[in-house]
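Colleague: A single structure is presented below for examination.
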Amino acid sequence: QELLNKAKEAIVDADEEKAFSIISEAKKQNVNLLDLLLAGFGAGNQEIGERFDRGSLSLPELIYAAEVMKNVTNTILELLDSDEGSNSPFVTKGTVLLATVAGDVHDIGKGIVASTLRTAGFDVIDLGCEVPVETILEEAKKRNVDIIGTSALLTSTMVEQKKLEKLLAETGEKKNFMTMVGGAPCTPRWAKKIGADGYSEDAVDAVKVAVKLME
Ligand code: B1M
C-alpha cells in the first residue's frame with residue numbers, strides 16, 4: 001500500500017525519477033506490476049485529471065504529468081509482456097485490432113488493454129491513436145482480425161465509434177468482424193445504441209468481453 005501511495009504521488013508530482021525507482025523497488029518486492037500500474041500510478045493519473053478539471057492544474061502541467069504516466073505505462077507493459085512470453089502463435093485466442101479513434105490522442109488506457117489481451121493469449125495489432133475509420137477497416141481486412149476494438153476518451157470523438165459501425169454496415173463487412181468499444185465516456189448503453197458487439201469498462205473486463213466475443 002505504501003508503494004501504491006508513493007506511485008500515485010510520483011505522477012501527481014510529475015517526478016519520473018521517483019516513478020522509475022518505485023518500479024525497481026516493486027520488482028524487488030515482487031509486487032504485482034499490473035496492480036502497481038492500475039491502483040498506484042493510475043490513481044495519480046486520475047488525480048491529475050481531477051485537478052485539471054477543477055482548474056488547479058494547467059494544461060502544460062497536465063501534459064508533463066501525462067508524459068511521465070505514459071513512460072511509466074510503457075515500461076511496465078514491456079516488463080509484463082516479456083514476463084508472459086505472450087504473442088505466441090500457438091496459444092492465440094484470436095486477433096484483436098486496437099485503435100484510438102480519429103481526433104483523439106489518449107492512448108494510455110488502450111495500451112493497458114493491449115497488454116492484458118496479450119497476456120491472456122490474444123494477438124494484438126495496435127494501430128496507435130488518431131486513426132480514421134477507413135484505415136481501421138482497411139487494416140482489419142488486410143490482417144484478417146477477429147475483433148476490432150476502438151478507444152475514445154472525448155465526448156467529441158466517441159462519434160467515430162458510431163461512424164465505424166456505419167462503415168462496416170454500408171460495406172457489408174459487419175458480418176466479418178466483432179466490435180468492442182471502450183474509453184471513459186463510453187457506456188454499455190452507447191455500445192448497444194451504435195450496434196457494437198461489446199463494451200468494457202476496464203482492461204481486465206476487456207479480456208472477458210473479448211473471450212466472450214470469440215465464443
Ligand atoms: Co485529456 N481529457 N485532453 N489528456 N485527459 C480527459 C479525457 C478529460 C476527461 C479531462 C478533464 O477535462 N477532466 C477531458 C475530456 C472531456 C470530455 O470530452 N468529456 C480531456 C480533454 C478535454 C483533453 C484536451 C481537449 C485538453 C485540451 O487540449 N484542452 C486534449 C485533447 C487532445 C486530443 O485528444 N485531441 C487532451 C489531452 C491530454 C493529454 C495529451 C495531456 C493526456 C493524454 C496522454 C496520452 O494518452 N498519451 C491527457 C490525459 C492523461 C487525460 C486524463 C487526465 C487521463 C486519461 C487516462 O490516461 N486515463 C483524462 C481524465 C480522466 O480520464 N480522468 C483526460 C487512465 C487510463 C488507464 O484510463 O483511458 O479511461 P482510460 O482507459 C481505461 C478504460 O477506459 C478502458 O480500459 C482502460 C484501462 O483500464 N478502456 C477500454 C479504454 N479504452 C478501451 C478500449 C476497449 C476496452 C476498454 O476496447 C477496445
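The values are calculated or read from the model by the stated rules, or taken from the named source; none is laboratory data. Worth saying up front: this structure is predicted, and the values here are computed from it rather than measured. Note that each Cβ is placed from the backbone with ideal geometry, even for glycine, and that neighbours are counted across all protein chains shown. Protein only, heavy atoms only, side chains kept; ligands, DNA and RNA dropped before computing areas. Shrake-Rupley method; radii C 1.70, N 1.55, O 1.52, S 1.80 Å.
Colleague: Just the number, please: carbon plus sulfur as a percent of the accessible area of the chain, 1.4 Å probe, no ligands or DNA/RNA counted. Walk me through the numbers before you get to the answer.
Modeller: Values: 5690 of 11180 Å².
Reported share for carbon and sulfur atoms: 51 percent.
Colleague: Rounded to whole Hz and in sequence order, give me ³J(HN,Hα) for region 29-34 from the Karplus expression 6.51 cos²θ - 1.76 cosθ + 1.60, θ = phi - 60°, writing x for Gly and Pro.
Modeller: 3J(HN,Hα) across region 29-34, in whole Hz: 7, 6, 6, 4, 5, 5.
Colleague: Going from the alpha-carbon gyration tensor of region 1-65, what semi-axes, largest first and in whole Å, does one get by taking the root of 5 times each eigenvalue?
Modeller: Numbers: eigenvalues 107, 25, 11 Å².
Semi-axes (√(5λ), whole Å): 23, 11, 7.
Colleague: At 222 nm, what value in deg cm²/dmol follows for the chain if DSSP H runs of at least 4 each add -39500 (n - 2.57) and the sum is divided by all its residues, to the nearest 500? Walk me through the numbers before you get to the answer.
Modeller: Numbers: 9 runs with 116 residues, N = 215.
Counting only the DSSP helices, I get -17000 deg cm²/dmol.
Colleague: While we're looking at this one, here's another question. Measure up Lys70/Lys166; Lys8/Lys28; Lys70/Lys174; Lys8/Lys193; Lys18/Lys110; Lys6/Lys27 against 26 Å on the Cα-Cα distance and list the ones that go over.
Modeller: Over 26 Å apart, Cα to Cα: Lys70/Lys166; Lys70/Lys174; Lys8/Lys193.
Colleague: Okay, which of region 99-115 sit inside 18 Å, backbone N to the point 7 Å along the Cα-Cβ direction of Thr171?
Modeller: 99-103
Colleague: What fraction, in whole percent, of alpha-carbon pairs in the chain exceed 23 Å separation? Write down the numbers at each step before the final one.
Modeller: Details: 10851 of 23005 pairs.
The calculated P(r) of the chain puts 47 percent of pairs beyond 23 Å.
Colleague: GNM, the chain, Cα, under 10 Å: largest mean-square fluctuation among Leu168, Leu57, Leu97?
Modeller: Looking only at Leu168, Leu57, Leu97, the biggest GNM fluctuation is shown by Leu57.
Colleague: Helices from the chain with mean Kyte-Doolittle at least -1.0 and a Cα length along the axis of 20 Å or more, per DSSP H: which? Can you show the working numbers first?
Modeller: Values: long enough: 59-84 (37 Å, 0.19).
Span-like helices here: 59-84.
Colleague: Taking springs between alpha-carbon atoms closer than 10 angstrom, which of Leu79, Leu59, Leu38 fluctuates most in the Gaussian network model of the chain?
Modeller: Leu59
Colleague: When the chain is modelled as a GNM with alpha-carbon springs shorter than 10 Å, which of Pro132, Pro185, Pro60 fluctuates the most?
Modeller: Evaluated over the chain, the most mobile residue of the options is Pro60.
Colleague: Give the shape of region 154-215 as rounded, prolate or oblate, defined through the alpha-carbon gyration tensor: a ≥ b ≥ c are the square roots of its eigenvalues, a/c under 1.5 means rounded, and otherwise the shape is prolate if a/b is larger than b/c and oblate if not.
Modeller: On the way: a/c = 2.40, a/b = 1.11, b/c = 2.16.
Oblate, because a/c is 1.5 or more while a/b does not exceed b/c.
Colleague: Taking the radius of gyration and the Kirkwood hydrodynamic radius from Cα positions alone, what is the Rg/Rh ratio for region 105-197, to two decimal places? Numbers along the way, then the final one.
Modeller: Values: Rg = 12.5 Å, Rh = 13.5 Å.
Taking Rh as the inverse mean 1/r over Cα pairs, Rg/Rh reads 0.93.
Colleague: Still on this structure, please answer the following. What accessible area per residue, rounded to a whole number of Å², is obtained for the chain using a probe radius of 1.4 Å? Before the final figure, lay out each step's value.
Modeller: Values: 11180 Å² over 215 residues.
Roughly 52 Å² per residue, with all protein chains present.
Colleague: For the chain, what relative contact order do you get, as a whole percent, if you take Cα pairs closer than 8 Å and at least 6 residues apart?
Modeller: Working: 338 pairs, mean separation 33.9, N = 215.
The normalised contact order for the chain reaches 16 percent.
Colleague: Please work out the Cα convex hull volume for region 36-80 and give it in Å³ per residue.
Modeller: Numbers: hull volume 2.2 nm³, N = 45.
Output value, Cα hull per residue: 48 Å³.
Colleague: Give the shape of region 1-112 as rounded, prolate or oblate, defined through the alpha-carbon gyration tensor: a ≥ b ≥ c are the square roots of its eigenvalues, a/c under 1.5 means rounded, and otherwise the shape is prolate if a/b is larger than b/c and oblate if not.
Modeller: Numbers: a/c = 2.59, a/b = 1.28, b/c = 2.03.
Because a/c hits 1.5 or more and a/b fails to exceed b/c, region 1-112 counts as oblate.
Colleague: Tell me which residues come under 5 Å, amide H to amide H, from Gly149 once H is placed; ignore anything under 5 positions away on its chain.
Modeller: Hits under the 5 Å cutoff: Leu97, Leu98, Ala99, Met180.
Colleague: For the pair Asp81/Thr135, report the inter-label distance in nm, with labels modelled 7 Å from Cα in the Cβ direction.
Modeller: 1.8
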